[in-house]
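*Asks:* One structure, pasted below without further comment.
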Amino acid sequence: MARGNKNATIIPGFGLTLGVTVAWLSALVLVPLVLLFVRTTALSWPKFVEIVTDERAVASYKLTLGCALAAASLNAVMGSIIAWTLVRVEFPGRRLLDAVVDLPFALPTAVSGIALTAVYSRNGWIGQALGFPVAFTPLGIMVALTFIGLPFVVRTLQPAIEDLDPGVEEAAGILGASRMQTFFRVIAPALLPSLITGFALAFSRALGEYGSVIFISGNMPLRTEITPLLIVTKLEQFDYAGATALGAVQLTASFLMLFSINLVQWWTARKTGVR
């Protein structure tokens with residue numbers, strides 16, 4: 001019986017797979033992003049600076065980044081609780097609740113935006129119960145971004161929680177560790193890389209979200225106007241260079257923040273030994 005080749009793999013050789021990977025990523029990601037920056041060369045440097053530092057543009061940057069960061073942080077907390085409950089707690093309807101988590105993936109963003117606006121408006125069920133305005137405020141934008149980002153955190157954490165050995169937690173308790181000590185010294189280090197990944201995914205999705213936000217935000221310049229909406233407004237005015245200038249700024253900021261998050265994730269995985 002012939003001995004199998006240890007180097008044999010199902011996927012073809014390194015050269016072919018690398019070539020397909022680079023070509024595919026270039027066509028879908030790299031080339032469009034490079035052309036975004038190339039398009040801005042139609043503007044002179046003073047004009048570019050004038051567009052990207054306009055009062056309306058700066059207000060949209062602050063609103064977009066602030067709401068995206070707040071929504072991703074809230075999802076990191078609530079998503080962790082939901083993921084832990086779905087994995088570790090047995091209760092009637094768990095499978096149904098697990099399926100509900102994926103609804104933001106399945107719903108068209110415009111439909112979710114209309115639904116959130118109806119529920120959180122002054123006359124909506126939740127809006128009336130809260131007693132303060134949510135829709136057409138920055139808080140409403142954060143609600144929409146939290147809605148579309150929650151599945152990223154939950155689905156990233158679930159496999160990591162499933163891989164946790166309950167015996168390790170029991171051993172920590174037997175050795176005298178309190179619940180808080182067990183959580184912060186045993187559970188948290190194992191889940192932290194996955195949590196950071198989920199946070200980064202939710203944050204990056206929130207930065208570019210448009211459909212679910214335009215209805216609930218009210219789109220008021222200098223108050224509830226997000227950067228993607230301002231970009232679309234410039235496109236409707238046939239100001240393509242101005243739109244690409246704003247897009248280049250948002251892309252650069254997004255890349256720098258995601259790069260920083262990935263560095264933190266790498267450092268955390270190295271310190272904890274969890275990949």
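*Asks:* When you count, for each residue, the other Cβ atoms within 10 Å and take the mean per peptide, how do 219-228, 180-189 rank with the highest first? Walk me through the intermediate numbers first.
*Replies:* Working: 219-228: 18.3, 180-189: 13.8.
Top to bottom by mean Cβ count within 10 Å: 219-228, 180-189.
*Asks:* Summing +1 for each Lys or Arg and -1 for each Asp or Glu, what net charge is found among the other residues whose Cβ lies under 14 Å from the Cβ of Asp98? Could the numbers behind the result be given before it?
*Replies:* Numbers: positive: Arg88, Arg94, Arg95, Arg155; negative: Glu90, Asp102, Glu162.
Its environment carries a net charge of +1.
*Asks:* Rank Ser73, Gly198, Phe215 by how far each Cα sits towards the positive end of the charge dipole of the chain (+1 on Lys, Arg Cβ; -1 on Asp, Glu Cβ) and give me just the farthest.
*Replies:* Gly198
*Asks:* Also: Hey, can you rank 198-209, 97-108 by average C-beta count inside 10 Å, highest first? All intermediate terms of the calculation are to be shown ahead of the outcome.
*Replies:* Working: 198-209: 22.8, 97-108: 13.3.
Descending packing order for the listed peptides: 198-209, 97-108.
*Asks:* Kirkwood Rh over Cα pairs of segment 188-229 into Stokes-Einstein at 20 °C, 1.002 mPa s: D in µm²/s? Mind showing how you got there, number by number?
*Replies:* Working: Rh = 12.0 Å.
D = 178 µm²/s.
*Asks:* With θ set to phi - 60° and the Karplus curve 6.51 cos²θ - 1.76 cosθ + 1.60, what are the ³J(HN,Hα) couplings of segment 15-32 in order, to the nearest whole Hz, using x for Gly and Pro?
*Replies:* x, 5, 5, 5, x, 5, 4, 5, 5, 5, 5, 5, 5, 8, 10, 5, 4, x
*Asks:* Also, I was wondering about something else. Hey, can you grab everything whose amide H is under 5 Å from the amide H of Gly218? Only 5+ residues off in sequence or another chain; H modelled, so Pro and N-termini drop out.
*Replies:* Phe136
*Asks:* At each listed q (0.09, 0.12, 0.18 Å⁻¹), what is the log10 of I(q)/I(0) that the Debye formula gives for segment 43-272 modelled as equal alpha-carbon point scatterers?
*Replies:* Values, matching the q order: -0.46, -0.76, -1.28.
*Asks:* Less than 19 Å from a label point 7 Å out along the Cα-to-Cβ axis of Leu130: which backbone N atoms in segment 48-78 qualify, by residue?
*Replies:* Counting only backbone N, you get 63-78.
*Asks:* If you place +1 on the Cβ of every Lys and Arg and -1 on the Cβ of every Asp and Glu, how big does the dipole about the Cα centre of the chain come out, in debye to the nearest 20? Before the final figure, lay out the partial values.
*Replies:* Working: 19 positive and 15 negative charges, 90 e Å.
With only Lys, Arg, Asp and Glu charged at Cβ, the dipole is about 440 debye.
*Asks:* Applying the Karplus parametrisation 6.51 cos²θ - 1.76 cosθ + 1.60 with θ = phi - 60° to the phi angles of segment 43-52, what ³J(HN,Hα) value in whole Hz is obtained for each residue in order, glycine and proline being reported as x?
*Replies:* Once rounded to whole Hz, the list reads 9, 6, 4, x, 5, 4, 4, 4, 5, 7.
*Asks:* Hey, another quick one. Could you sort 172-178, 55-61 so that the peptide with the highest average Cβ count within 10 Å comes first and the rest follow in order? If you can, show how the numbers build up before the last one.
*Replies:* On the way: 172-178: 11.6, 55-61: 16.3.
With the highest mean Cβ count within 10 Å placed first, the list reads 55-61, 172-178.
*Asks:* Toward the positive end of the charge dipole of the chain, about the Cα centre and with charges on Cβ (Lys, Arg +1; Asp, Glu -1), which of Ile226, Leu97, Leu256 goes farthest?
*Replies:* Of the options given, the answer is Leu256.
*Asks:* With point charges of +1 on the Cβ of Lys and Arg and -1 on the Cβ of Asp and Glu, referenced to the Cα centre of the chain, which listed residue (Ala59, Ile187, Trp125) lies farthest in the positive direction of the dipole?
*Replies:* Ranked along the dipole, the leading option is Ile187.
*Asks:* Before rounding to the nearest 500, sum -39500 (n - 2.57) across all DSSP H runs of length at least 4 in the chain and divide by the residue total; then give [θ] at 222 nm in deg cm²/dmol. Show your work: numbers first, answer last.
*Replies:* On the way: 15 runs with 201 residues, N = 275.
Taken over the chain, the calculation gives -23500 deg cm²/dmol.
*Asks:* What are the ³J(HN,Hα) couplings of segment 164-171, residue after residue, when phi is run through the Karplus curve with 6.51, -1.76, 1.60 and θ = phi - 60°? Round to Hz, x for glycine and proline.
*Replies:* 5, 8, x, x, 5, 5, 5, 5
*Asks:* Compute the signed sum of charges (Lys and Arg +1, Asp and Glu -1) over the other residues within less than 10 Å, Cβ to Cβ, of Ala71. Working shown, then result.
*Replies:* Working: positive: Arg205; negative: Glu209.
Combined, the nearby Lys, Arg, Asp and Glu give 0.
Where a number appears in this text, it was derived from the coordinates with a stated rule and is not lab data. Everything numeric here is computed off the predicted structure, so don't read it as measured data. Reconstructed Cβ throughout: ideal geometry from the backbone, glycine too, with neighbour counts over all protein chains shown.
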